[in-house]
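Trainee: Take this structure, written in structure tokens, and hold onto it; I'll ask about it next.
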Ligand code: C2O
Ligand code: CU
Ligand code: CU
């Protein structure tokens, strides 16, 4: 027996004898609750908060993270655990926090018995670091992309992007958070104490078989819809909150479902950020529509409630989660009137207009009349170019489906108009995914700042999988 192995064995033995629970450090934390919950007719568990992944590079301005893509089982419903996938754990993944300017080294190890990839959704990086279908990680292999963060503070996320298995790998649990901070976001006074008053909410929907395993219906007409809404991997969880302002980073991580979030008492809240960062000003609203792939940051002020109140977050009248109001507590956070300066992309500088037609339903979906082909580049773009994209859907072929969430990799864009109308104020910030309703034309303006091959597609993952995707190549004319 090898000596190191022996030492390890003894170490494990000592830990076991000492009664230590050798926990996976990547597992999400469930905040300990001392409040008696029996009085509430709520079967949900305390909201799981994804752990912040440790940055193993001690130097300021540099960051290094390790992700392991794993399979396991997760207790989600009933008595039997659900076979599932996760990053550094059995379901979902950690939150990676980056600061603008950081030079980042990522290490991703694929411990699955099948290929995967890790796409940084919303991150502006070279095509080779994007993690799309051209950066597949074979079973047992590693991928070590490097990049420098150069975009405003934002809530991004990551998930697999392999041709043929993206949708099912996401369904089984592969999704994590990528949070970017910058000088501006740090000095605004917003709630930003991660896990305390700054909480990610990954929304998904899932169906289950009798034995607890996921039921993934691949033949759904418009993508896989689940019978249960999950938040951070649990059905209808609760979160205990003090009477303070809370910031929630909402990620629609569902394969196909749109959410229409409201507080059940119709209280207003602020939306402060869209996909690519802070809005210029907070938008006071009573509802948040969010389609697959999109993110929004909201601030709910719980100071008007009293101890013991229960506030429900709902979507189309279905329970998403509950907030249990605790005691009053000091709150030094603010929602400033001005959140960020957003550079407006100038329409007069655009070199032209491209049309994107999203068509069909089920497996019959197409983008500009054809299906995705890994060996075909659909568009060529010169580095730094600004383009206008006119995205349309053909309603006649959609059979009541509300629309398609359209996403572009490797950049953030701005919405110019919806059917000729100025977009709503919460859609005037940076976006990487825009919901295009049936029979609607959405005009966006986009600049490509990084070279390489990037996907654009419908973020209903079953549509993407069925071919509603194209790829563009951004070429740097000064390099060949
Ligand atoms: Cu969320 Cu092609 O990505
Ligand atoms: Cu993406
Ligand atoms: Cu679609």
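The values are calculated or read from the model by the stated rules, or taken from the named source; none is laboratory data. Since this is a predicted model, take the numbers as computed values, not measurements. Virtual Cβ from ideal backbone geometry, glycine too; neighbours counted across all protein chains shown.
Trainee: Looking at the range 171-182, is at least one residue without any contact (Cβ under 8 Å) to a residue 12 or more places away in the chain, over 17 Å from residue 76 (Cβ atoms) and more than 16 Å from ligand 2 (Cβ to nearest atom)?
Mentor: No, that holds for no residue.
Trainee: Where residues in the range 75-94 are over 20 Å from the mean Cα position of the chain (by Cα) and in a strand (DSSP E or B), which of them is farthest from residue 233 (Cα to Cα)?
Mentor: Here the answer is 83.
Trainee: Mind checking whether some residue in the range 180-191 is away from ligand 1 (no atom under 16 Å from the Cβ), touching a helix residue (DSSP H, G or I) at 6+ places or on another chain (Cβ under 6 Å) and not in a helix (DSSP H, G or I)?
Mentor: The answer is no, given that none of the residues of the range 180-191 is away from ligand 1 (no atom under 16 Å from the Cβ), touching a helix residue (DSSP H, G or I) at 6+ places or on another chain (Cβ under 6 Å) and not in a helix (DSSP H, G or I).
Trainee: Is the range 436-446 home to any residue that is buried (at least 24 other Cβ atoms within 10 Å of the Cβ) and either in the same structural domain as residue 258 (by TED's automatic domain parsing) or not in a strand (DSSP E or B) (or both)?
Mentor: no
Trainee: Which members of the range 342-367 meet the condition of being assigned to a loop (DSSP other than H, G, I, E, B) and either free of Cβ contacts under 8 Å to residues at least 24 places away in the same chain or out of contact with any helix residue (DSSP H, G or I) (no Cβ under 9 Å at 6 or more places or on another chain) (or both)?
Mentor: Those that are assigned to a loop (DSSP other than H, G, I, E, B) and either free of Cβ contacts under 8 Å to residues at least 24 places away in the same chain or out of contact with any helix residue (DSSP H, G or I) (no Cβ under 9 Å at 6 or more places or on another chain) (or both): 342, 343, 344, 345, 346, 350, 351, 352.
Residues checked against (1) in the same structural domain as residue 448 (by TED's automatic domain parsing); (2) more than 16 Å from ligand 2 (Cβ to nearest atom); (3) touching a strand residue (DSSP E or B) at 6+ places or on another chain (Cβ under 8 Å):
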| residue | (1), (2), (3) |
| --- | --- |
| 104 | no, yes, yes |
| 118 | no, no, yes |
| 125 | no, no, yes |
| 133 | no, no, yes |
| 137 | no, yes, yes |
| 147 | no, no, yes |
| 150 | no, yes, no |
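Trainee: Provide a single number: the residues in the range 447-467 that are part of a loop (DSSP other than H, G, I, E, B), closer than 26 Å to residue 226 by Cβ and either within 14 Å of ligand 2 (Cβ to nearest atom) or in the same structural domain as residue 172 (by TED's automatic domain parsing) (or both).
Mentor: 2
Trainee: Residue by residue through the range 95-113, note down the ones that are within 24 Å of residue 205 (Cβ to Cβ) and not in a strand (DSSP E or B).
Mentor: If the condition is that a residue be within 24 Å of residue 205 (Cβ to Cβ) and not in a strand (DSSP E or B), then 112 is the only one that fits.
Trainee: Would you say residue 320 is assigned by TED's automatic domain parsing to the domain that holds residue 222 and either crowded, with 20+ Cβ neighbours inside 10 Å or touching a strand residue (DSSP E or B) at 6+ places or on another chain (Cβ under 9 Å) (or both)?
Mentor: In short, yes.
Trainee: Right, next: Restrict the check to the range 402-410 and report whether at least one residue is modelled with pLDDT under 95, within 16 Å of ligand 3 (Cβ to nearest atom), surrounded by fewer than 20 Cβ atoms within 10 Å (Cβ to Cβ) and under 25 Å from the mean Cα position of the chain (by Cα).
Mentor: Yes, that holds for at least one residue.
Trainee: For the structure I just gave you, tell me whether residue 215 is modelled with pLDDT of 95 or more, away from ligand 1 (no atom under 16 Å from the Cβ) and closer than 20 Å to residue 463 by Cα.
Mentor: Against the criterion (modelled with pLDDT of 95 or more, away from ligand 1 (no atom under 16 Å from the Cβ) and closer than 20 Å to residue 463 by Cα), residue 215 qualifies.
Trainee: Examine the range 160-168 for a residue that is assigned to a helix (DSSP H, G or I), over 15 Å from the mean Cα position of the chain (by Cα), surrounded by fewer than 20 Cβ atoms within 10 Å (Cβ to Cβ) and without any contact (Cβ under 8 Å) to a residue 60 or more places away in the chain, and state whether such a residue exists.
Mentor: Checking the range 160-168: not a single residue is assigned to a helix (DSSP H, G or I), over 15 Å from the mean Cα position of the chain (by Cα), surrounded by fewer than 20 Cβ atoms within 10 Å (Cβ to Cβ) and without any contact (Cβ under 8 Å) to a residue 60 or more places away in the chain.
Trainee: When you go through 131, 113, 127 one by one, which is the residue that is at pLDDT 95 or above, on the phi > 0 side of the Ramachandran plot and out of contact with any helix residue (DSSP H, G or I) (no Cβ under 7 Å at 6 or more places or on another chain)?
Mentor: Unique residue meeting the criteria: 131.
Trainee: I've got another one for you. Which numbered condition in (1) under 28 Å from residue 238 (Cβ atoms); (2) at pLDDT below 95 is the only one that residue 1 fails?
Mentor: (1)
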